[in-house]
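The values are calculated or read from the model by the stated rules, or taken from the named source; none is laboratory data. Since the structure is predicted, the reported quantities are computational estimates derived from the model, not experimental observations. Note that each Cβ is placed from the backbone with ideal geometry, even for glycine, and that neighbours are counted across all protein chains shown.
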Ligand SMILES: [Zn+2]
């Protein structure tokens, strides 16, 4: 194999190498060199950009001519500790990543193995023999994002800030009032948000502990913890965040809530902040709403195709109540916004009453409930109905009064959309009755209930066949209503792409219950059991867990996730 000395001695130039291999013509090389002068990009990228050669052929040629390996990083199993042997800044600057031990030295992936400066720098920093391999630049950059995270950067800024805070209490002018972006606390926050965006976290938790600071991120619904020993940093962070979200910094004994917008890595985040006094200071939780992605469409939510057709028909009705139900974080709001944006047209007046307003939608009149000035759901709803709406979205049916106004509106020529904290569709109608609403009102106004959950997707990169345990299989077959022998299930074994969780991203699972004559009769009679029986035997009804099982059989999710849906639905442990 060739090493960097050979490269150096042969003074290999990419242009000559490509011509020698007959991959580009002399004229093309001249053209590329001219273009390169203009853009300043490397020659390799330039010939690819100009369409003279595709990236894989270029890299294969490099690998053959230099007698080094061409490694696809997409499926490469990295050794995290080994990767960290090279500081992140160097890795990014020279586009290199440490791959594995190679004899006494290290095998290093490079997007440009002819880069002598990079080879020298690697030599100096790694103090060992470096054997280059050629890798795709795009895959390299993705790998760097996944492997380095911002963890070390966060630790080093926190250390710096801790040092500043040692002698005195922190200086307000440094921490908040000015916009000095060099201040460590500002850089620390910026880095925290960058890491959260990179990890697609939905929440950041800042929790002061006994002599430590715990920072946790919720990713795909699961918390990931990062503990720092710089405990003093916590109060500085909290103070800065309180200033940013317009909260009272002197009030540390009462919970507060606020919000701010921040721009990170070309993403606009709407950040909801809530503080709470705990034993070692104030805990701050930030919910991150990425406004960059906008509203996802109903098609992208994971709803089975046939159900989607029926749900769209329901949305087209001029009146009636459609409830979307599920626990917090089950994606109800996303579904409702997706539905609303399909209905959004100049011919329809749409008013939403929300707490909080999560996404801003053009043309739609969105009202934020505000308890502080006595602007309650019911008060806004009454006002909204005098504004001649066609469609009304009520953030949540919290109490009897809200529910009754919503149901009456649904009876009198308005399409009403709302949410309810119930586990499944059949219990939702009876829940309204339990809240004190007249059964006849529910029977007349309710058109359908959509229950939903978010389940995690199996990581594409480390998926493997999984054979469920016997007792799980018995249970899955009961749910499926038929034998599942010979059917395959998948799970992720854990890799760098999914941070060893075996999952990457989430999707919705749904059950849709449309009201029919029998159910309406049972509701009027206030017969919960009769209603449940009628619901379960209605023609299109298919329970949430069955929807999740379909996705498991399609290899999209794991058996574990299916069982989780079942447990949350019945509130009893099944396995
Ligand atoms: Zn994985």
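Yes/no per residue for (1) in a helix (DSSP H, G or I); (2) out of contact with any strand residue (DSSP E or B) (no Cβ under 9 Å at 6 or more places or on another chain); (3) more than 25 Å from residue 212 (Cα to Cα):
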{"position": "109", "(1), (2), (3)": "no, no, yes"}
{"position": "113", "(1), (2), (3)": "no, no, yes"}
{"position": "125", "(1), (2), (3)": "yes, yes, yes"}
{"position": "144", "(1), (2), (3)": "yes, no, yes"}
{"position": "147", "(1), (2), (3)": "yes, no, no"}
{"position": "155", "(1), (2), (3)": "yes, no, no"}
{"position": "160", "(1), (2), (3)": "yes, yes, no"}
{"position": "163", "(1), (2), (3)": "yes, yes, no"}
message: Residue pairs, Cβ under 7 Å, 6 or more apart or interchain, first in the range 494-506 and under 21 Å from residue 565 (Cα atoms) and within 8 Å of the ligand (Cβ to nearest atom), second at pLDDT 90 or above and outside any loop (DSSP other than H, G, I, E, B). List them.
response: 502/458; 502/491; 502/492; 503/456; 503/457; 503/458; 503/492; 504/457
task: Output yes when any residue across the range 62-71 is over 21 Å from residue 121 (Cβ atoms), modelled with pLDDT of 85 or more, touching a strand residue (DSSP E or B) at 6+ places or on another chain (Cβ under 6 Å) and in a helix (DSSP H, G or I), and no when none is.
output: yes
task: Go over the candidates 57, 101, 93 one by one and state the one that is without any contact (Cβ under 8 Å) to a residue 40 or more places away in the chain and not in a helix (DSSP H, G or I).
output: 101
- prompt: Residues in the range 346-356: is at least one in a loop (DSSP other than H, G, I, E, B), within 25 Å of residue 292 (Cα to Cα), in contact (Cβ under 8 Å) with a residue 12 or more places away in the chain and touching a strand residue (DSSP E or B) at 6+ places or on another chain (Cβ under 9 Å)?
  reply: yes
- line: In the set 182, 160, 139, 194, the lone residue that is at pLDDT below 90 and touching a helix residue (DSSP H, G or I) at 6+ places or on another chain (Cβ under 7 Å) is 160
field: Where a residue in the range 462-488 is under 12 Å from residue 558 (Cβ atoms) and more than 16 Å from the ligand (Cβ to nearest atom) and its partner, wherever it lies, is modelled with pLDDT under 90 and part of a loop (DSSP other than H, G, I, E, B), with Cβ under 7 Å and at least six apart
entry: 472/575
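Look through the range 380-400, keep the residues that are surrounded by fewer than 16 Cβ atoms within 10 Å (Cβ to Cβ) and in a helix (DSSP H, G or I), and return whichever of them is nearest to the chain's Cα centre (by Cα). I'd like the intermediate steps shown before the answer.
Step one: list which residues in the range 380-400 are surrounded by fewer than 16 Cβ atoms within 10 Å (Cβ to Cβ), which gives 382-383, 386-388, 399-400.
Checking the rest, the ones that are also in a helix (DSSP H, G or I) come to 382-383, 400.
Values: 382: 36, 383: 36, 400: 34 Å.
Once the filter is applied, the top-ranked residue is 400.
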field: Unmet requirement for residue 201, which otherwise passes all of (1) in a loop (DSSP other than H, G, I, E, B); (2) more than 25 Å from residue 145 (Cβ to Cβ); (3) at pLDDT 85 or above
entry: (2)
field: The one condition in (1) within 29 Å of the chain's Cα centre (by Cα); (2) crowded, with 21+ Cβ neighbours inside 10 Å; (3) more than 14 Å from residue 415 (Cα to Cα) that residue 357 fails to fulfil
entry: (2)
statement: Those residues of the range 447-461 that are under 18 Å from the mean Cα position of the chain (by Cα) and more than 8 Å from the ligand (Cβ to nearest atom) come to a total of 7
query: What do you reckon, is residue 437 more than 35 Å from the chain's Cα centre (by Cα), more than 16 Å from the ligand (Cβ to nearest atom), closer than 16 Å to residue 523 by Cα and assigned to a loop (DSSP other than H, G, I, E, B)?
result: yes
- request: Considering only the range 206-220, state which residues are closer than 20 Å to residue 501 by Cα and surrounded by fewer than 16 Cβ atoms within 10 Å (Cβ to Cβ).
  value: none
message: I need the strands (runs of 3 or more DSSP E) fully contained in the range 205-316, keeping only those with at least 1 residues that are at pLDDT 90 or above and in contact with a strand residue (DSSP E or B) (Cβ under 9 Å, 6 or more places away or on another chain).
response: 213-219, 256-264, 267-278, 281-290
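For the range 526-541, how many residues meet the condition of being free of Cβ contacts under 8 Å to residues at least 24 places away in the same chain and buried (at least 17 other Cβ atoms within 10 Å of the Cβ)? Talk me through it step by step, then tell me what you get.
Kept after step one, since they are free of Cβ contacts under 8 Å to residues at least 24 places away in the same chain, are these residues of the range 526-541: 527, 529-530, 533-534, 537, 539.
Filter once more, so that each one left must be buried (at least 17 other Cβ atoms within 10 Å of the Cβ): 534.
Total satisfying the criteria: 1.
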